[in-house]
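S.K.: This structure is in structure tokens; I'll ask about it shortly.
The values are calculated or read from the model by the stated rules, or taken from the named source; none is laboratory data. If you're wondering where the values come from, they're calculated on a predicted model, not measured in any experiment. Cβ placement follows ideal geometry from the backbone for every residue including glycine, while neighbour counts extend to all protein chains displayed.
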Amino acid sequence: MLKFLLNRNIVVYTGVICIVTIFSFCKYALTETEKSSKAKSPAVTYSNPYFKGTKEERITQVEKITRLFGVKCDYCHNEDLTAFTEEGEISKKMMAASVALGVDCDYCHVDGKRYTEKENQAKKMFELSETMATECDFCHAGKDQLTPKGEQAKTAFLTRDWATKGTKQCLECHIEKKQFALNFYGWQVLNAMKGLKGM
Ligand code: HEC
Ligand code: HEC
Ligand code: HEC
Ligand code: HEC
């Protein structure tokens, strides 16, 4: 009986040791692959949806931005894209905005200092998006295209004279930073609307 228990213990111990060895080997192997994949490609992602086409076409795009702003590449980031300046971080958001609107930087920027006539509207849109914690693509679906939520916003803009009265008034019914979720009063308004429609 004692001998049997001893044997069993040895089996259990050996099992545990095997598992531990396998685990630590896997961990070692994983960190090694991580290291080597980092070494191969210098962190260039080619994943921002703003960039389209072949590698050459992408380079043409970054050169176009650089010329437009009259700067050097290091205005926004280092060579292997591991570090971004403040302007570079802003530019990432600007790229998302450009994709949502289906336009390029020169739609709003004349150069590093001056803006096109879109400046004011764009600034209001950035402010609205900040207040409501939405991205531009919440409402914009490419050039001159709105999402269904964008269409609802368009109606609200018009009926509430948003262009002059601004975004604060939207918070009468919508919760700040919650992507237009309704507050208690907003729900009352919605229910009243449904009541009128006989729903
Ligand atoms: C105004 C800012 C700005 C300037 C100037 C700029 N870049 Fe960039 N660049 C960016 C941003 C933002 C990204 C996207 C990074 C991301 O989304 O992670 C990017 C991405 C890239 C990429 C990756 C492209 C892809 O397909 O994903 C390359 C390569 C690049 N830049 C090279 C350059 C070179 C070379 C220059 C100078 C000729 C330059 N950039 C100038 C802001 C800039
Ligand atoms: C829809 C209009 C619009 C588009 C498109 C746009 N921008 Fe902007 N951008 C603005 C506005 C407006 C500001 C100023 C924001 C503010 O001051 O609140 C700005 C600010 C910036 C800044 C900061 C400037 C500074 O003086 O600090 C950078 C950098 C920038 N944009 C880069 C870009 C790049 C790169 C693109 C194209 C990928 C782009 N923008 C596309 C409207 C736009
Ligand atoms: C809550 C919805 C909503 C969000 C979020 C939003 N927009 Fe808009 N935007 C609209 C509507 C609606 C119009 C008016 C379109 C029309 O009149 O046909 C508009 C118009 C514009 C215009 C002027 C029209 C044009 O095509 O030039 C610009 C520029 C613009 N938006 C930029 C932005 C940017 C940049 C962002 C993100 C920072 C953004 N918008 C986020 C709803 C939105
Ligand atoms: C008096 C209350 C009230 C005010 C003020 C108001 N809204 Fe709304 N909004 C609603 C109601 C109610 C709904 C839901 C309607 C529905 O689902 O049919 C709604 C829905 C929306 C939606 C769609 C949201 C989604 O997720 O489907 C957007 C976008 C929107 N409003 C934008 C605005 C903007 C922009 C303003 C400010 C200019 C504004 N609203 C002011 C009551 C209001």
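S.K.: Which residue pairs have Cβ atoms closer than 6 Å, lie 6 or more positions apart in sequence or on different chains, and pair a first residue in region 126-143 that is near ligand 3 (Cβ under 8 Å from one of its atoms) with a second residue that is hydroxyl-bearing (Ser, Thr, Tyr) and outside any helix (DSSP H, G or I)?
M.R.: Within 6 Å, the pairs are Leu128/Thr167; Cys139/Thr147.
S.K.: Within region 49-91, count every residue that is within 16 Å of ligand 3 (Cβ to nearest atom) and closer than 23 Å to Lys143 by Cβ. Before the answer, list the steps.
M.R.: Step one: list which residues in region 49-91 are within 16 Å of ligand 3 (Cβ to nearest atom), which gives 49-50, 89-91.
Going one step further and asking which of them are closer than 23 Å to Lys143 by Cβ, we end up with 49-50, 90-91.
Summing the residues that are within 16 Å of ligand 3 (Cβ to nearest atom) and closer than 23 Å to Lys143 by Cβ in region 49-91 gives 4.
S.K.: Also: Is one or more of the residues making up region 147-169 without any contact (Cβ under 8 Å) to a residue 24 or more places away in the chain and touching a His at 6+ places or on another chain (Cβ under 9 Å)?
M.R.: yes
S.K.: Restricting region 128-143 to residues that are part of a helix (DSSP H, G or I) and under 17 Å from Gly102 (Cα atoms), which is farthest from ligand 2 (Cβ to nearest atom)?
M.R.: Ranking the qualifying residues of region 128-143, first place goes to Phe138.
S.K.: Need the failing condition index for Thr116 against (1) more than 23 Å from Lys52 (Cβ to Cβ); (2) exposed (fewer than 14 other Cβ atoms within 10 Å of the Cβ); (3) hydroxyl-bearing (Ser, Thr, Tyr), just the number.
M.R.: With respect to (1) more than 23 Å from Lys52 (Cβ to Cβ); (2) exposed (fewer than 14 other Cβ atoms within 10 Å of the Cβ); (3) hydroxyl-bearing (Ser, Thr, Tyr), Thr116 is out only on (1).
S.K.: If I ask for residues that are surrounded by fewer than 16 Cβ atoms within 10 Å (Cβ to Cβ), out of contact with any Ser or Thr (no Cβ under 8 Å at 6 or more places or on another chain), modelled with pLDDT of 95 or more and not β-branched (Val, Ile, Thr), which ones from region 62-83 would you list?
M.R.: Result: Glu63, Lys64, Arg67, Leu68, Gly70, Asn78, Ala83.
S.K.: Of the residues Phe180, Phe184, Phe126, which is out of contact with any strand residue (DSSP E or B) (no Cβ under 8 Å at 6 or more places or on another chain), of a type in the set (Phe, Trp, Tyr) and within 25 Å of Pro49 (Cβ to Cβ)?
M.R.: Exactly one residue qualifies, and that residue is Phe126.
S.K.: Continuing with the same structure: Please go through (1) within 16 Å of ligand 4 (Cβ to nearest atom); (2) modelled with pLDDT under 95 for Leu128 and return the number of the only condition it doesn't satisfy.
M.R.: (2)
S.K.: Further question on the same structure: Would you mind finding the one in Ser24, Ser47, Ser41 that is modelled with pLDDT under 95 and surrounded by fewer than 10 Cβ atoms within 10 Å (Cβ to Cβ)?
M.R.: Working: Ser24 fails: surrounded by fewer than 10 Cβ atoms within 10 Å (Cβ to Cβ); Ser41 fails: surrounded by fewer than 10 Cβ atoms within 10 Å (Cβ to Cβ).
Step by step, each of Ser24, Ser47, Ser41 is checked, and only Ser47 is modelled with pLDDT under 95 and surrounded by fewer than 10 Cβ atoms within 10 Å (Cβ to Cβ).
S.K.: Shifting gears a bit: Could you run through region 83-127 and say how many residues are of a type outside the set (A, V, I, L, M, F, W, C) and in a helix (DSSP H, G or I)?
M.R.: The total comes to 16.
S.K.: On to the next question. Every residue in region 66-77 that is outside any helix (DSSP H, G or I) and in contact with a Gly (Cβ under 9 Å, 6 or more places away or on another chain), please.
M.R.: Restricting attention to region 66-77, the residues satisfying the condition of being outside any helix (DSSP H, G or I) are 70-72, 76-77.
Once the filter is applied, which keeps residues that are outside any helix (DSSP H, G or I) and in contact with a Gly (Cβ under 9 Å, 6 or more places away or on another chain), region 66-77 yields Gly70, Val71, Cys76, His77.
S.K.: Which residue is farthest from Asp104 (Cα to Cα), if the candidates are limited to region 144-154 and must be out of contact with any helix residue (DSSP H, G or I) (no Cβ under 8 Å at 6 or more places or on another chain) and either within 8 Å of ligand 4 (Cβ to nearest atom) or outside any helix (DSSP H, G or I) (or both)?
M.R.: The qualifying residue farthest from Asp104 (Cα to Cα) is Gln152.
S.K.: Which numbered condition in (1) surrounded by 15 or more Cβ atoms within 10 Å (Cβ to Cβ); (2) free of Cβ contacts under 8 Å to residues at least 12 places away in the same chain; (3) hydrophobic (A, V, I, L, M, F, W, C) is the only one that Leu182 fails?
M.R.: Every listed condition holds for Leu182 apart from (1).
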